[in-house]
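The values are calculated or read from the model by the stated rules, or taken from the named source; none is laboratory data. Since the model is a prediction, treat every value here as computed from it, not as a measurement. Please note: Cβ atoms are built from the backbone with ideal geometry, for glycine as well, and neighbour counts cover all protein chains shown.
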Amino acid sequence: MYTVSLQNTSAYDQATGGGKALTLGKLLLAGLPVPQGFVVLTSAYERFVTVNRLHAEIEQLVQSVSPDQPATAEAAASRIATLFEQTMLPVDIEAAVLDAYQRLAALTVAVRSSATAEDLPSASFAGLYETILGLSSAAEMCSALKRCWASLWSTRALIYRARHHIPHQTVQMAVIVQHMVEARASGVLFTCNPITNAQDELIINAAFGLGEAVVSGQVTPDTITLDKHTGQVKRLDVAEKVLMTAPASTTNGVETQVIPAEVRTLPVLSASQLTRLFELGTTVEQLFSTPQDIEWAMADDQVFLLQARPVTTLVRKQTVTVCQEDLPVPGDDHWDRREKPEAHTSDLWTRVNIGENFLDPITPLSATLWPTFFLLGHFPSPEERAPEAPPLPLLGERFYGRLYVNEGALIRGAIEMGMPTGLLDSTWGTSGRGRRSSDDTIHIWRLLSRIPRVVGDARKAAKEQVKKQPAIPKQKQPRRSPEQLFAQIDAWVDEFQRTDLSQLDDRALWDVVPLWIERGKELRRIVFGAGLAGIAFYFLERKVSKWTGKPGQATVLVQALSGVYTAEVGSLLWQMAQMLNGAGLAEVVQKYPSEKALELLRKLPEAQPFRIQFEAFIQRHGYRCPNDAELHNPRWAEQPAQVIEMVKSYLRLGEQANPLTIEQRRMQEREETVKHLTTQIHPFRRPLFRWLLKQAQNKTRQRDNIRSYVAKFLLPMRLILVEFGRRWAERRWLADPDDLFFLTLYEVGDIVRTGQPNVLGSDLITITAARRTAFDYWHTIEAPAALGPGGAPLPDPQPTGVFLQGLPASAGRARGMARLVESMNEAVRLSPGEILVTRGTDPGWTPVFPLVSGLVLETGGLLSHGAIIAREYGVPAVINVPGALSTIKDGQIIEVDRTNGRVYLDPSGADGMPSSASLQTRTQAPELK
């Protein structure tokens, strides 16, 4: 058999039909709009080469190619092309191809290559092989078939395979013959942002005519950036399109034509056409479960898919070993320019704790809002914003676009106070990066002697802070407990959400900000008080370990605590998934893009119980989103389709993954551990044990709930800023509403105060574009986990080759396939039972926890959010594992061992790892201690 219908994918596979054909066939079977066609299988290519005795000469020519000497590849490719052109098709192949061509009954056809090594996840071979358009006769089609076969040995293909270590002899060529789409418009669609790695954006390039002008770079296309959750246009760049590719007017094939002047600057696509492309793009990505690079064409207002392949050109983050001052940062990265703090020999700038909440580069607005609300406590005067006055007070600093904290200064302060450095090492999450040893000694006399000075300094600092604030009479606020303040925040936010912001002018809208800053002072008190959780946990672990001789039991004692708000999220999502299954509506969520699925569910009568549950979820948890410390990120209430995407993941879980059942099991384990330890501890020590246990449990619960309510408290500020962005974009002050987040909070205030967008010395479009460029650049840089004095990068501890060492965070042991995830948007790649390996998790990641069998984090301490929620869901976890993302391979079999805080690696990357029993033996071996 030499030919087969394109959509008959049961009759061919990657080896016989090639990657391109197999993908198009799957798209056709899924009901997506792909031009009909047939595949000339690799068996035809093999017979053509064998009958004409071309193997030996091709092999000889290929052996002469050196990838570093293009001329050798050019000579070989030219000779092979001549051989194929001068050689006749075998009669049986010609008959089969002509029969399939006649049955296709197309006026014109497109002939496309489909090599067996093409459109692979690791190597796309994009643009290396031949495509011939606009053919209207059988003879032309047969000639094009041989040209496609010969392109298997083109100059670029030979060099590409050599550089990717793909043996030439393992590759064969199939060919696709399809109806030709005489497109009015065409282009490419990326279901992620291939420049910035952003997984929440969809990029469309569009030009008039056929797509050849776009993919060959002959024309600058329109570029449209869509929000991946909503399909809304985030940015539209309309290019001047001078040329287009079109079917030739007098001959077969295509030709380049000049576009009339009056049409060149018009947008290629309408709003409805963008919506259709958005729906198709998200559907294709869901079908293949990975970001896609899609070629499309539009004729008579119908979109056709011409090709889809995995995105292999994503910008890989560059690991840096130099100070940021030595990097060529484009755009404007100096919006927080100020004098750097004086370096100290013990300085150690780290992200292992703060990185849990600020995973990515931070926008100017978030970087200035956080300290204003929770450190300064007032809107700073111009004097306080001078270069010598940092916008990030105390121990914070921005390196490589990200926030760092001077952990070395904290340790220095702890040593001076006589406090044990082990307290910070366990709860903060590091042990000096090898520059010091951890110390659990309390120097009591030093501590007592330092307390009076610390109290005096604190009072003096408080008085200075009061002097800087505006002299506005303030009513004395009651001192609320955390739970009372949580209820008050609920009331404040509910009241705010009843306000129609669009009815307030700029000045009135901005006047709301000082009110929330003032309210933030009360929240700031309990935020700093959350540090007591670390102290309580540290001393509970210390005493229990000493009294029983078994370290690490404190993590079990604080697991599955009732009243942890974030832990509700997984249970509610699981319940909603079960409701959809019970109502027979799961297919709606699985089949359609999330935005479309939500639209349908809001209309279907049988979905009413689900809608009630869904709206209740948004009402209670809608202030959240992944990485919600960054105000730039839309919340679930603003983009509820994000929640549908999470529900879709929960549809894959069975009853064994019921979060409620897991929580009950973990609660029982905790209670049994308490009973067992109580019998082991001496009766005289039991009152102290019970007191420490109560303090650790209460403070741990409060700590995570405080984190949740900080996010809720900041929701009104996010909505105020979004409203300013909308208004200023309408006035053409900003190119896009989203650009507001590339101004500082202080600059926004100055613009509102003066009513002049040029108060900053330049137009806002230019300023924000330059800052966004720098922001995007930092996303391509893998920032060091730790920096020494002056910001010099410190190397990660080197793994032993057998295991990676971290902190044990959640009891248990898990063995499975590692899934490396850079952001929450990539979490759709997770399959139930895999082990999640990522940099850090905040409350917005909570829905992922019931999906996984284990967790490995590069950041965090024993009371970080990831550790707390892992314990709530019973997920074995090792956190603060330096270099986890760079050492562990995606798909590698690993074992998470909470007992010793180790992640064991299978060096082969395949499922052939030692059993848990043998690993336990290895952890006790002297060489691994």
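Residues that are touching a Lys or Arg at 6+ places or on another chain (Cβ under 8 Å) and surrounded by 22 or more Cβ atoms within 10 Å (Cβ to Cβ) occur at least once in segment 635-658. When Leu107 is tested against (1) surrounded by fewer than 14 Cβ atoms within 10 Å (Cβ to Cβ); (2) modelled with pLDDT under 90; (3) within 17 Å of Ala150 (Cα to Cα), just one condition goes unmet, and that condition is (3). If you go through segment 774-790 and pick out every residue that is at pLDDT below 85, surrounded by fewer than 19 Cβ atoms within 10 Å (Cβ to Cβ) and more than 15 Å from the chain's Cα centre (by Cα), you end up with 1.
Can you find, within segment 189-201, the residue that is surrounded by the fewest Cβ atoms within 10 Å (Cβ to Cβ) among those that are modelled with pLDDT under 90 and hydrophobic (A, V, I, L, M, F, W, C)?
From segment 189-201, those modelled with pLDDT under 90 are 192-201; that's our starting set.
Then keep just the ones that are hydrophobic (A, V, I, L, M, F, W, C); that gives 192, 195, 198.
Values: Cys192: 24, Ile195: 15, Ala198: 18.
The extreme case among them is Ile195.
Please indicate, with yes or no, whether at least one residue in segment 346-357 is in a helix (DSSP H, G or I) and surrounded by fewer than 19 Cβ atoms within 10 Å (Cβ to Cβ). No, there is no match, as no residue in segment 346-357 is in a helix (DSSP H, G or I) and surrounded by fewer than 19 Cβ atoms within 10 Å (Cβ to Cβ).
Being at pLDDT 90 or above, exposed (fewer than 15 other Cβ atoms within 10 Å of the Cβ) and of a type in the set (A, V, I, L, M, F, W, C) is not true of Ala458.
Would you kindly identify the helices (runs of 4 or more DSSP H) lying entirely within segment 568-638 that contain at least 2 residues that are within 25 Å of Asn705 (Cα to Cα) and of a type in the set (A, V, I, L, M)? Please lay out each step first, then the result.
On the way: elements: 568-582, 586-591, 594-601, 608-621.
Once the helices (runs of 4 or more DSSP H) in segment 568-638 are filtered for at least 2 residues that are within 25 Å of Asn705 (Cα to Cα) and of a type in the set (A, V, I, L, M), what remains is 568-582, 608-621.
Whenever a residue of segment 730-756 is assigned by TED's automatic domain parsing to the domain that holds Ile362 and without any contact (Cβ under 8 Å) to a residue 40 or more places away in the chain, its partners that are assigned to a helix (DSSP H, G or I) and among the β-branched types (Val, Ile, Thr), lying with C-beta atoms within less than 6 angstrom and at least six residues away or across chains, give the pairs Asp739/Thr768. Mind counting the residues in segment 559-574 that are surrounded by 21 or more Cβ atoms within 10 Å (Cβ to Cβ) and small (Gly, Ala, Ser)? The total comes to 3. Cβ-Cβ distances below 8 Å connect the following pairs, each with a first residue in segment 219-248 that is under 9 Å from Ala207 (Cα atoms), a second residue that is of a type in the set (Lys, Arg), and a separation of six or more residues or different chains: Val219/Lys241; Thr220/Lys241; Pro221/Lys241; Asp222/Lys241; Lys241/Arg264. Taken as a whole, the structure places Thr679 among residues that are under 26 Å from Thr548 (Cα atoms) and β-branched (Val, Ile, Thr). Being surrounded by 14 or more Cβ atoms within 10 Å (Cβ to Cβ), in contact with a Pro (Cβ under 6 Å, 6 or more places away or on another chain) and modelled with pLDDT of 75 or more is a description that does not apply to Arg412. Of the residues making up segment 855-895, just one is under 24 Å from Tyr623 (Cβ atoms), polar (S, T, N, Q) and modelled with pLDDT of 75 or more, namely Thr859.
When Leu61, Leu24 are screened for being at pLDDT 90 or above and not β-branched (Val, Ile, Thr), only Leu24 passes.
Out of the residues in segment 824-846 meeting the condition of being among the hydrophobic types (A, V, I, L, M, F, W, C) and at pLDDT below 80, tell me which one is nearest to Ala877 (Cα to Cα). So that I can check it myself, show each step before the final result.
First, the residues of segment 824-846 that are among the hydrophobic types (A, V, I, L, M, F, W, C): 824, 827-828, 830, 835-837, 845.
Adding the requirement that they be at pLDDT below 80 leaves 824, 827-828, 830, 845.
On the way: Met824: 18, Ala827: 17, Val828: 20, Leu830: 16, Trp845: 15 Å.
Residue satisfying both the conditions and the ranking: Trp845.
Might you let me know whether segment 282-291 holds any residue that is assigned by TED's automatic domain parsing to the domain that holds Thr223, of a type in the set (Gly, Ala, Ser), outside any strand (DSSP E or B) and surrounded by 15 or more Cβ atoms within 10 Å (Cβ to Cβ)? For segment 282-291, residues assigned by TED's automatic domain parsing to the domain that holds Thr223, of a type in the set (Gly, Ala, Ser), outside any strand (DSSP E or B) and surrounded by 15 or more Cβ atoms within 10 Å (Cβ to Cβ): absent. Starting from residues that are at pLDDT 80 or above and closer than 21 Å to Thr838 by Cβ, keep the ones in segment 345-356 and report whichever is farthest from the chain's Cα centre (by Cα). Among those residues, the one meeting the criterion is Thr350. Residue by residue through segment 791-810, note down the ones that are out of contact with any Ser or Thr (no Cβ under 6 Å at 6 or more places or on another chain) and modelled with pLDDT under 75. Of everything in segment 791-810, those that are out of contact with any Ser or Thr (no Cβ under 6 Å at 6 or more places or on another chain) and modelled with pLDDT under 75 turn out to be Asp796, Pro797, Gln798, Thr800, Gly801.
Only one of these is in contact with an Asp or Glu (Cβ under 7 Å, 6 or more places away or on another chain) and either at pLDDT below 85 or of a type in the set (Val, Ile, Thr) (or both): Val821, Val852. Name it.
The match here is Val852.
All of (1) in contact with a Ser or Thr (Cβ under 9 Å, 6 or more places away or on another chain); (2) acidic (Asp, Glu); (3) within 30 Å of Leu29 (Cα to Cα) hold for Glu541 with one exception: (3).
Taking the conditions exactly as written (hydrophobic (A, V, I, L, M, F, W, C) and either more than 28 Å from the chain's Cα centre (by Cα) or in the same structural domain as Tyr404 (by TED's automatic domain parsing) (or both)), does Ile720 satisfy them or not? Considered against the rule, which asks whether it is hydrophobic (A, V, I, L, M, F, W, C) and either more than 28 Å from the chain's Cα centre (by Cα) or in the same structural domain as Tyr404 (by TED's automatic domain parsing) (or both), Ile720 comes out as yes.
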